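Step one of this worksheet: look at the structure below.
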Amino acid sequence: MEAEDQRRNKANGRQRMCKGLVSGLSAERKTGSTKWLMKVSQQLIDGEWPIEQSVSFDGSAFPIHYQDSATEVFLSSVERNGKLRSLRMNNVSLGMRLLPLFQRALVVNQELSSLELCNVKIVEAPLPESFFTIAGIKELSITRCNIKQDVATSVGQCIRSGRMKKLRLLNLNLEKECADGIMDAIPHGSLSHIELRDTRIDASIVAQMLQGLSKNQHLETLYLDHCGIDDQHVHALSAILAFPSSSLKTLSLKMNDLNGDCIRKLRTNGLQHNQMLSNLILSYNPIGDDGASQLSDFLISNTALKSLSMIECDIWEEGCRDFIAKLPKIKNLKQLIVDSEWECHDALLLEAMSQNFTLNQLWTTHSAMLMKRDPRWQQIGLLLRLNAAKRRILVESGVPHAAWPTVLAQSKDDASSLFHLLTHHPSVIH
C-alpha cells in the first residue's frame, strides 16, 4: 500500500507540474501555437486524446527562446498520457534536460508503435544505446536529422532485436560509420518495410546491405529512391528477387542510374524468377528504349506484376511503339504510369487497348485532361473503365450467368461501360 501511495503521489505531482507548465505558458505568451499546446496537453493529461490518432509537435511554431519550454510541456503531457500509439516530433533540440524526459515518455507509452523524427537534434548528451529498443518502436521514420554514431547504434540495436518492422530514412547524409551501424543491422532484423529516399550513403555500404537481404523472408516493401543505385547493385537486387521464399511485393528504384543493360540483367537474373513482386517503380532512370523492350517482353510471361511506373526514363518513339504493340499480349498488368511521349502514339495505343482486357489505369502527363477533351483518348478511357468492369468476360466462353451481377455492379456508376457490356451481351437482360 505504501508503495502504491508513493506511485500515486508521484503521478499526481507530475500532473500538477504539467498543468503548471501549461499555465505558465499561457501567462507568458498567448499565441495560436500556445493555445494549441494548452488544448492538446490538457487532452493528453486528462486521457481525452483519441488513442488511434497520431499526435504531432512542431518546435518551429514557437519562438526560439521558448522552444525548450514548449517541448517540455508537450513531452510531460505525453508521459502523463501513457496510451499513445503514434508520435511525431518536428524541429526540436533534445539536450541533457529534455532527452531523459523524451525517453520516459516513450517507455511509459507501452502501446507506442510508430515514431517519426523530423529535423530533431540530439545535443549535449549521447543517446543511450538501448533508447529505441526499450521504447519498443515498431515503425521508425527519420527525416532531415543529423544522425551521429550514438543514434545509428541505437537504431541498429532496435533493428537487431527483431521488434522493428518498418524503417524510413529520408533526406539524410549518413557518414560511413553511422551508415555501417544501421546497414549492418538490417539483414539481421525482421524488417518488412525499408525506405531509403534522398539519403546519401556510400554505394558499397548499400551493396553490402542488399547482399545481406538476399535471403530475407520478411521484406515486403523496398524503396531505394535517389540513393545512387547503378550497375554495381544489380546483382544483389537480382538475388533478392530470385530468392525462392522472397516476400517482396513493392520495389522502388526511382531517380537512380539504371540503364537498359541494368534492366536486362535484372530481368534475366531476378525478375523472371519472381512471382511475388506486384509493384515496380523505375521512374527517372535512363533505361531507354532497350530497357522498355526488356520490361514488355518480361510482362508477356509474368503473372504477378500489376503496376509499372516509367516516368522520364528516356523512352522515345521506338521504345513506346514497341511496348504499345505488345500490350495485347500482356495479360496481367493493371496500372501503367508513363510520360507525355506516349501521348504522341494515341492511335496505336487505342488499337492495342481494344485487344487488352486487363489494363485499367493508364497515366501520362496529360491523360486526365485528354480523356475529357480528346475523342481518341475518350475511347481509350472507356476501354480502361470497361477493363475495370471485367470486360474480359465478353470474350471468354462458358461464363455462367451467375457471375454477371458482380460484373454489372462494378460498372453501375459508369453509364458508358454499362451500356457497352449490355450491348455486347444482351442475353443478360432476358
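The values are calculated or read from the model by the stated rules, or taken from the named source; none is laboratory data. The structure presented is a predicted model; accordingly, all values stated were derived computationally and were not measured. Cβ placement follows ideal geometry from the backbone for every residue including glycine, while neighbour counts extend to all protein chains displayed. Please note that ligands, DNA and RNA were not included when accessible areas were found on the heavy atoms of the full protein model with its side chains. Shrake-Rupley method; radii C 1.70, N 1.55, O 1.52, S 1.80 Å.
Rundown of residues vs (1) assigned to a helix (DSSP H, G or I); (2) under 26 Å from Ser192 (Cα atoms), yes/no style:
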| site | (1), (2) |
| --- | --- |
| Ser60 | yes, no |
| Gln67 | yes, no |
| Phe74 | yes, no |
| Leu87 | no, yes |
| Asn91 | no, no |
| Pro100 | yes, no |
| Leu112 | no, yes |
| Asn119 | no, yes |
| Thr133 | yes, yes |
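Kindly indicate the residue of region 159-186 that is open to solvent by 10 Å² or more (accessible area, probe 1.4 Å) and among the small types (Gly, Ala, Ser) and also modelled with the lowest pLDDT among those meeting that condition.
Gly181
Looking only at region 53-66, how many residues end up being more than 25 Å from the chain's Cα centre (by Cα) and either crowded, with 18+ Cβ neighbours inside 10 Å or acidic (Asp, Glu) (or both)?
Total satisfying the criteria: 2.
Does Leu258 count as at pLDDT 90 or above, among the hydrophobic types (A, V, I, L, M, F, W, C), over 20 Å from the mean Cα position of the chain (by Cα) and buried (at least 16 other Cβ atoms within 10 Å of the Cβ)?
Taking the combined requirement at face value, the residue satisfies it.
Can you tell me which residue among Arg8, Arg14, Arg29 is of a type in the set (D, E, K, R), at pLDDT below 90 and touching a Phe, Trp or Tyr at 6+ places or on another chain (Cβ under 9 Å)?
The unique qualifying residue is Arg29.
I'm trying to understand the selection: among the residues of region 287-308, which are within 23 Å of the chain's Cα centre (by Cα) and surrounded by fewer than 19 Cβ atoms within 10 Å (Cβ to Cβ)?
Ala304, Lys306, Ser307
Read through the list (1) within 21 Å of Leu196 (Cα to Cα); (2) out of contact with any helix residue (DSSP H, G or I) (no Cβ under 8 Å at 6 or more places or on another chain), then give the number of the only condition that Gln275 fails.
Among (1) within 21 Å of Leu196 (Cα to Cα); (2) out of contact with any helix residue (DSSP H, G or I) (no Cβ under 8 Å at 6 or more places or on another chain), Gln275 violates only (1).
In region 135-180, what residues are of a type in the set (Val, Ile, Thr) and in a helix (DSSP H, G or I)?
Val151, Thr153, Val155, Ile159
Could you run through region 348-388 and say how many residues are part of a helix (DSSP H, G or I) and open to solvent by 50 Å² or more (accessible area, probe 1.4 Å)? If you could, list the steps in order and put the result at the bottom.
Taking region 348-388 first, the residues part of a helix (DSSP H, G or I) are 348-353, 367-373, 375-388.
Filter again for open to solvent by 50 Å² or more (accessible area, probe 1.4 Å), leaving 351, 368-369, 371-373, 375-376, 378-379, 385.
Residues flagged as part of a helix (DSSP H, G or I) and open to solvent by 50 Å² or more (accessible area, probe 1.4 Å) within region 348-388 amount to 11.
For region 222-238, does any single residue satisfy the condition of being farther than 22 Å from Ser192 by Cα and in contact with a Ser or Thr (Cβ under 9 Å, 6 or more places away or on another chain)?
yes
Quick one: which residue in Leu210, Leu196, Leu248, Leu222 is more than 18 Å from Asp290 (Cβ to Cβ), open to solvent by less than 10 Å² (accessible area, probe 1.4 Å) and part of a loop (DSSP other than H, G, I, E, B)? Walk me through it before giving the result.
Values: Leu210 fails: part of a loop (DSSP other than H, G, I, E, B); Leu196 fails: part of a loop (DSSP other than H, G, I, E, B); Leu222 fails: part of a loop (DSSP other than H, G, I, E, B).
Only one candidate qualifies: Leu248.
When you scan region 278-286, do you find a residue that is over 21 Å from the mean Cα position of the chain (by Cα) and either buried (at least 16 other Cβ atoms within 10 Å of the Cβ) or in contact (Cβ under 8 Å) with a residue 12 or more places away in the chain (or both), even just one?
For region 278-286, residues over 21 Å from the mean Cα position of the chain (by Cα) and either buried (at least 16 other Cβ atoms within 10 Å of the Cβ) or in contact (Cβ under 8 Å) with a residue 12 or more places away in the chain (or both): present.
Name the pairs: first residue in region 246-262 and among the acidic types (Asp, Glu), second residue open to solvent by less than 30 Å² (accessible area, probe 1.4 Å), Cβ to Cβ under 8 Å, at least 6 apart or on different chains?
Asp257/Ile229; Asp257/Asn285
Using the structure shown, decide if Pro426 is modelled with pLDDT under 90 and loosely packed, with under 11 Cβ neighbours inside 10 Å.
yes
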